[in-house]
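Throughout, read-outs are computed from the coordinates displayed, never taken from laboratory work. Being a predicted model, the structure only gives us computed values, none of them experimental. Here Cβ is always computed from backbone atoms with ideal geometry, including for glycine, and neighbour counts include all displayed protein chains.
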Amino acid sequence: MGVSFTALTIGALLGIVQALHRTNVFRGVISSADYYSVLTGHGVLLALFFTIFFLTGIFTWGTSRSLGRELPSPRFSLVWFLLMLSGAVMTATAIFGGLVGQIPFSADVLYTFYAPLQAHPLFYAGLAAWLVGTWLAGADWIRAYYHWRQDNPGERIPLQMFMILTTMLMWYIATLGVAVEVVFFLLPLSLGLIESVDPLLTRTLFWFFGHPVVYFWLMPAYFAWYTVLPKLSGGRLFSDPLARVVFILFLILSTPVGFHHQYADPGVPEGFKFIAMTNTMFLLLPSFLTAFTVVASMEYGARQRGGTGYLGWLKALPWGNPAFAGCALAGIMFAAGGFSGIINAGMNINSLIHNTLWVPGHFHLTVGTASALTMMAISYWLYPQITGKRLQFYGIAQVQPYVWFIGMGLMSNAMHRAGLAGVPRRTAEPQYQQFDFMPVLGSMLEMRLQIAIGGSLLTLGAVMFVLVMAGTWLAERGRGRLRVDSHLPEPISGPSDSPRVLDNVRLWFVIAVVLVVIAYGFPIYSMVADGALNPAAPPFPV
């Protein structure tokens with residue numbers, strides 16, 4: 001969690017630099033040439049290191065708490081943590097080396113680091129080491145579950161452990177694509193061992209991983225919404241069986257959707273793009289189930305606290321509790337992000353917003369709020385318990401979720417509207433060659449200012465959060481806001497109300513693999529048959 005919060009701090013500072021630069025509000029920090037290194041750092045540090053280091057922290061806690069035992073080997077746990085940390089440091093060194101002239105490293109390949117963009121070998125080696133560390137972390141949790149199962153052969157899998165198992169199985173499937181891309185193509189290319197790579201194949205391997213990782217970011221948020229948020233609301237989880245169904249659906253449907261990022265790629269058969277679209281639409285189901293279950297759990301808690309009326313119960317919720325408020329506001333933003341995601345998934349309407357600022361507006365609602373704000377909010381509840389200290393600067397913590405929510409509302413709203421106006425993404429200058437949007441659209445100045453103000457509020461929110469966490473870490477035990485009870489109440493509808501087949505994780509894993517083979521088998525085979533691996537084929541210049 002400490003590494004996660006450090007990555008958040010650095011990534012947030014990079015975010016405000018690029019937001020002010022691209023909106024032309026202030027350009028005194030970086031040049032447009034350095035913009036892409038800053039953008040790469042912002043994406044990698046926040047989308048990969050902040051989110052997934054936090055995931056390993058909360059999943060380690062969830063494994064121990066739900067199974068009632070420590071992890072099997074502290075030394076092994078330390079090995080995977082240090083491997084992840086060393087990989088993250090290597091990757092960050094390559095990124096920031098491009099901003100320092102004396103350091104012979106560079107990585108301005110953005111978060112979507114597929115060919116023909118090329119980074120220093122240290123960037124790819126670091127990502128590979130970090131990825132192996134995440135695999136070992138999952139093995140650590142699965143090993144703990146295996147020992148628990150030997151001692152409890154007839155018991156239902158505890159809900160938190162079930163969520164961890166299905167999430168990691170999805171991760172093992174999804175990361176195969178990016179592992180092959182990095183180890184067999186991009187790293188050898190950067191080392192000069194091969195002359196060229198096939199851009200379509202490496203792009204496909206990246207998006208094999210690139211969309212499932214969105215759900216990997218979201219899983220800790222769902223984990224918190226289902227198991228901790230009901231307690232924070234003053235009640236209990238509405239349905240344990242529905243929670244298990246949701247995580248099974250994510251396991252089997254997350255990976256066969258990556259082609260919806262490649263609608264504009266001519267080398268992918270249209271039929272398989274259609275399969276990706278339909279699978280993406282099916283993924284709306286677990287989101288709707290989550291909305292129903294979590295809101296029902298919150299309503300139950302509010303009515304236990306005295307709330308009445310069709311909507312009047314909302315006033316009885318503990319909106320002054322930063323842990324609850326952050327999770328609830330993150331859920332609201334996730335609903336908005338889901339609706340904008342439907343636009344991204346549609347084959348026809350996607351062409352309106354493909355590679356425009358709409359897309360960053362969308363994923364800032366999902367990973368940037370649904371995941372990030374939930375992670376920050378749940379830390380207000382969890383961090384004092386794992387440190388044995390009481391939360392400091394409670395007044396700042398109470399305000400922080402609302403600052404983040406308002407900032408993201410402003411920035412994402414303007415990004416979506418600018419995307420509809422055709423403003424491109426990923427560029428240091430918001431214009432196309434021979435066509436500048438600034439003087440053409442009168443509302444563009446308002447959008448630029450809204451993005452700059454929203455980004456500034458988001459940075460302020462990140463600084464407020466880090467201040468609270470640092471203060472809590474440095475505080476003496478027993479000082480500050482009272483610690484909260486770590487006990488999680490039993491659901492209204494428990495695991496005994498669901499069929500045991502839901503706990504057959506192996507079955508769902510096999511189904512997930514079969515769906516991936518159907519979605520990706522023929523397209524990848526056709527790419528290879530067309531010469532993607534043939535050294536004699538005409539090379540693609542890099």
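Enumerate the amide H contacts of Thr356 below 5 Å, restricted to partners 5 or more residues apart or on another chain; note that Pro and chain-start residues carry no placed amide H.
The answer is Arg425.
Hey, which lysines would be in cross-link range of Lys315, C-alpha to C-alpha under 23 Å, not counting anything within fewer than 8 residues on its own chain?
Reachable lysines: Lys231.
Cα to Cα, under 29 Å, and not fewer than 8 places away if on the same chain: which lysines meet these conditions relative to Lys273?
Straight-line reach from Lys273, under 29 Å: no lysines qualify.
Step through the residues of the stretch 158-163 one at a time and calculate ³J(HN,Hα) from phi using the Karplus curve (6.51 cos²θ - 1.76 cosθ + 1.60, θ = phi - 60°), rounding each to whole Hz and writing x for Gly and Pro.
So the J values, rounded to whole Hz, are x, 4, 4, 5, 4, 5.
Please report, in debye to the nearest 20, how large the charge dipole of the stretch 149-221 is about its Cα centre when each Lys and Arg carries +1 at its beta carbon and each Asp and Glu carries -1 there.
200
Mind ordering 229-235, 133-139, 371-377, 23-29 by average Cβ neighbours within 10 Å, highest first?
371-377, 229-235, 133-139, 23-29
Using helices alone, I'd like the mean residue ellipticity at 222 nm for the chain: each DSSP H run of four-plus residues gives -39500 (n - 2.57), total over residue count, nearest 500.
Working: 21 runs with 347 residues, N = 542.
For the chain, the value works out to -21500 deg cm²/dmol.
Looking at the P(r) of the chain, how many percent of alpha-carbon pairs lie beyond 39 Å?
Value for the chain (Cα pairs over 39 Å): 23 percent.
What residues qualify as long-range amide H neighbours of Ser493, i.e. H under 5 Å apart, gap of 5 or more or another chain, H built at 1.01 Å from N?
Long-range HN contacts for Ser493: Ser239, Asp240.
Starting from 0.36 nm per residue, how many nanometres of slack lie between Ser196 and Asn24 once their C-alpha separation is accounted for?
Gain on extension, Ser196 to Asn24, equals 58.2 nm.
Once you have all Cα-Cα distances for the stretch 163-234, histogram them in 10 Å bins from zero and send the whole-percent values.
19, 34, 23, 14, 7, 2, 0
Go ahead and collect, in residue order, the members of the stretch 256-299 whose backbone nitrogen is under 18 Å from a label point 7 Å along the Cα-Cβ direction of Ile492.
Correct set: 288-299.
Work out the charge dipole of the chain with +1 on the Cβ of Lys and Arg and -1 on the Cβ of Asp and Glu about the Cα centre, then indicate which of Ser196, Ala377, Phe113 is farthest towards its positive end.
Value computed over the given set: Ala377.
Treat the count of other C-beta atoms within 10 Å as a stand-in for reagent exposure and order Asp503, Asp530 from fewest to most.
Asp530, Asp503
For the chain, what is the charge dipole size about the Cα centre, in debye to the nearest 20, if Lys and Arg each add +1 at the Cβ and Asp and Glu each add -1 at the Cβ?
Result for the chain is approximately 1500 debye, rounded to the nearest 20.
Between the stretch 113-128 and the stretch 313-330, what is the C-alpha centre distance in whole Å?
About 41 Å separates the Cα centre of the stretch 113-128 from the one of the stretch 313-330.
Name the long-range amide H neighbours of Ile194: under 5 Å, sequence gap of 5 or more, or other chain; modelled H, no Pro or chain starts.
Leu189
Work out the charge dipole of the chain with +1 on the Cβ of Lys and Arg and -1 on the Cβ of Asp and Glu about the Cα centre, then indicate which of Ala335, Leu283, Gln18 is farthest towards its positive end.
Working it through, the farthest residue towards the positive pole turns out to be Ala335.
Which ³J(HN,Hα) values, rounded to whole Hz and listed in residue order, are derived for the stretch 309-326 from phi using the Karplus coefficients 6.51, -1.76 and 1.60 in 6.51 cos²θ - 1.76 cosθ + 1.60 with θ = phi - 60°, glycine and proline given as x?
Working through the residues one at a time gives x, 4, 10, x, 4, 4, 5, 7, 6, x, 5, x, 7, x, 5, 5, 4, x Hz.
Given an 8 Å cut-off on Cα distances and at least 6 residues of separation, report the relative contact order of the chain as a percent.
18
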